[in-house]
Amino acid sequence: MYSSGPLVISLSLSLRVFFRRLTVSNVGDLMFILGGNTGSLPNTSLSIPNNSPHHHRLSSIPRSRPLLPVLASQAPDSNPEPEPAAAGAKLVPLVISVAVGLAVRFLVPRPAEVSLQAWQLLSIFLSTIAGLVLGPLPVGAWAFLGLTAAVATHTLPFAAAFSAFTNEVIWLIVISFFFARGFVKTGLGDRFATYFVKWLGSSTLGLSYGLTISEACIAPAMPSTTARAGGVFLPIIKSLSLSAESKPNHPSSRKLGSYLVMTQFQAAGSSSALFLTAAAQNLLCLKLAEELGVLITNPWVSWFKAASLPAIVSLLATPYLLYKIFPPETKDTPNAPALAAEKLKRMGPVTKNEWVMVGTMILAVSLWVFGHAIGVSSVVAAMLGLSILLLLGVLDWDDCLNEKSAWDTLAWFAVLVGMAAQLTNLGIVSWMSSCVAKLLQSFSLRLPAAFCVLEASYFLIHYLFASQTGHVGALYSAFLAMHVAAGLPRALSAFALAFNTNLFGALTHYSSGQAAVYFGAGYLELPDVFRVGFVTALVNTLIWGVVASIWWKFLGLY
């Protein structure tokens, strides 16, 4: 018989080393194997990318898991660990994206009126856009590679390549993400939406209108459609649906949840189009228009005046339209107001941080509206608002540092805006627009027909894009230049393309940040998203085509 002492010592030392090497996730895995409860560990959330660029929690990993037997006699290779995901760029999208740029640079004949520098920058830009669509790397990483290529090949000097990083509009977009975090962190957005549920939620249609109207009300002060979807409205909708026994990924989803999610998803575009500060892409559109010489005086007010009537009509029509073409099985929700009242009771009185958030956003919106008259720019108004939130402790600097979507947006927006500006300076945009103008003239299209062709093309191309802001960065300048070259009114064209950018955000399950959030909730089937998205787009086109044309004529835009 051998002594058991050395064996015990060896085993204890091995266990000691093993437990020293455990990370938090390792502990969770160990508890999972043993069937224990991980409730004392930090909760982990599943998240999805926002392409633009935002991340929102959709569902939580259960904290306790069933017991899994571990057999000592089990062969070591019978349950192999999953191989880690391959790091680096995806090979096929990488090759295609690079090939696009190389083909333009070396195979397509360069027009005589275009300089070699401009043609080379165009090839890098097209390769960058191809990568944004195909996704060989995350958006920010791929944009940085495009910027590196422009500098390394001496196509652009360093200062010109990075000039857009000081752009006021881009920093306004970044700060808007911090405001959205403040709404979620304080619970103010949740409280505001819950009041509308309490007031209008006795029927399914009324409940939908309450959620839609509440989003439109908070949109100008919460300038991120993805943040509104994931941080405020989806949690409310899921709570209401589950209380009505409407479960995700289940036949009962059509009782209530599918209708509410689809309606909020389709109506979000009109809410975003209503205010300049309701979505990041709105600000980017006007900045790109400014690069082309289309200047909008008092932009916040001018935007609201142009969008107000058609956007409000679309907002009011969408819940009723979906009530008819995508009806819920449950028509009445008598318990919803009581649930909302109970939730408000649990939330307690309005906290100090919520009041600070309210006051700060009233100040910011007021300065966005009237700042033009007193010499306060939109970005300065946003900076003042963020400074107040930091000084009074509503947000801390860690909140800002952890807002990864904001910093990612800063990186790739600046690259696209900078490249687009340099393409304009080098004459590429004017050359492309003149070519399109000649093509339209060859078909003898009158101005209304040319307008419809260009707008429809801009809209339908979005089936190829997984981001509204990416679409703007890639195509807005070119299409606006085509409008101008065709002889269409400049301000009207800038507004129409910008409003269009919001309306195509619900075409597919990948067409925007909020699309990914709502589809990921488990209440929508993929065929329904495409079908309802297309029908709603047609109805919105009809509404904007009729109402906006009359309204814009009254405003003198054409």
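If PHE165 meets every condition in (1) in contact (Cβ under 8 Å) with a residue 60 or more places away in the chain; (2) crowded, with 19+ Cβ neighbours inside 10 Å; (3) part of a helix (DSSP H, G or I); (4) of a type outside the set (Gly, Ala, Ser) apart from one, which number is that one?
Condition (2) is where PHE165 drops out.
Do any helices (runs of 4 or more DSSP H) entirely within region 323-439 hold 1 or more residues that are of a type in the set (Val, Ile, Thr) and at pLDDT below 90, and if so, which?
Of the helices (runs of 4 or more DSSP H) lying wholly inside region 323-439, those with at least 1 residues that are of a type in the set (Val, Ile, Thr) and at pLDDT below 90 span 352-374, 378-391, 404-425.
Among the residues of region 102-118, write down those that are touching a residue at least 40 places away in the same chain (Cβ under 8 Å) and not in a loop (DSSP other than H, G, I, E, B).
GLN117, ALA118, listed by residue number.
Could you check region 395-416 and list, in sequence order, the residues that are over 21 Å from the mean Cα position of the chain (by Cα) and open to solvent by less than 10 Å² (accessible area, probe 1.4 Å)?
Of everything in region 395-416, just one residue is over 21 Å from the mean Cα position of the chain (by Cα) and open to solvent by less than 10 Å² (accessible area, probe 1.4 Å), namely LEU395.
So which residues in region 443-454 are at pLDDT 80 or above and open to solvent by 20 Å² or more (accessible area, probe 1.4 Å)?
Scanning region 443-454 gives ARG446, LEU447, PRO448, ALA449, PHE451, CYS452, VAL453.
Can you tell me which condition LEU242 does not meet? The list is (1) without any contact (Cβ under 8 Å) to a residue 60 or more places away in the chain; (2) under 22 Å from HIS372 (Cα atoms), and all the others hold.
Every condition holds for LEU242 apart from (2).
Starting from region 446-458, take each residue that is charged (D, E, K, R) and list its partners that are surrounded by 13 or more Cβ atoms within 10 Å (Cβ to Cβ) and in a helix (DSSP H, G or I), counting only C-beta distances under 7 angstrom and pairs at least six apart or across chains.
Close Cβ pairs satisfying both conditions: GLU455/ALA496; GLU455/ASN500.
Take the residues of region 121-157 that are under 20 Å from THR409 (Cα atoms) and among the polar types (S, T, N, Q): which is surrounded by the most Cβ atoms within 10 Å (Cβ to Cβ)?
Among them, the one singled out is THR128.
With the requirement that a residue be at pLDDT 85 or above, under 21 Å from PHE144 (Cα atoms) and of a type in the set (S, T, N, Q), what does region 167-190 give you?
Residues satisfying the conditions do not exist here.
Could you identify the single residue in ALA160, ALA118 that is surrounded by fewer than 19 Cβ atoms within 10 Å (Cβ to Cβ), among the small types (Gly, Ala, Ser) and not assigned by the TED database to the domain that holds LEU240?
Answer to the selection: ALA160.
Could we say that LYS287 is modelled with pLDDT under 90 and either charged (D, E, K, R) or in contact with a Pro (Cβ under 7 Å, 6 or more places away or on another chain) (or both) here?
Spelling it out, LYS287 is indeed modelled with pLDDT under 90 and either charged (D, E, K, R) or in contact with a Pro (Cβ under 7 Å, 6 or more places away or on another chain) (or both).
I want to confirm something. Restricting to region 201-226 and keeping residues that are more than 15 Å from ALA273 (Cα to Cα) and open to solvent by 10 Å² or more (accessible area, probe 1.4 Å), which single residue is modelled with the lowest pLDDT?
SER202
Taking ALA87 as meeting all but one of (1) over 17 Å from MET419 (Cβ atoms); (2) assigned to a loop (DSSP other than H, G, I, E, B); (3) open to solvent by less than 30 Å² (accessible area, probe 1.4 Å), write down the number of the exception.
(3)
Quick one: is MET419 touching a residue at least 40 places away in the same chain (Cβ under 8 Å), of a type in the set (A, V, I, L, M), open to solvent by less than 60 Å² (accessible area, probe 1.4 Å) and more than 20 Å from GLU168 (Cβ to Cβ)?
no
Please find, within region 539-557, the residue that is farthest from ALA506 (Cα to Cα) out of those that are among the small types (Gly, Ala, Ser) and open to solvent by less than 50 Å² (accessible area, probe 1.4 Å).
Going through the qualifying residues, I end up with SER549.
Answer yes or no as to whether ALA373 is open to solvent by less than 10 Å² (accessible area, probe 1.4 Å) and of a type in the set (Gly, Ala, Ser).
Judged against the criteria, ALA373 is not a match.
Given region 483-558, what helices (runs of 4 or more DSSP H) lie entirely inside it while holding 3 or more residues that are over 15 Å from HIS462 (Cα atoms) and out of contact with any Leu (no Cβ under 9 Å at 6 or more places or on another chain)?
526-543, 549-555
Can you report the number of residues in region 186-227 which are touching a strand residue (DSSP E or B) at 6+ places or on another chain (Cβ under 7 Å) and charged (D, E, K, R)?
0
The values are calculated or read from the model by the stated rules, or taken from the named source; none is laboratory data. Small disclaimer: the values here were computed from a predicted structure and weren't measured. All Cβ positions, glycine included, derive from the backbone under ideal geometry; neighbour counts span all protein chains shown. These accessible areas exclude ligands, DNA and RNA; they are computed on the full protein's heavy atoms, side chains included. Shrake-Rupley method; radii C 1.70, N 1.55, O 1.52, S 1.80 Å.
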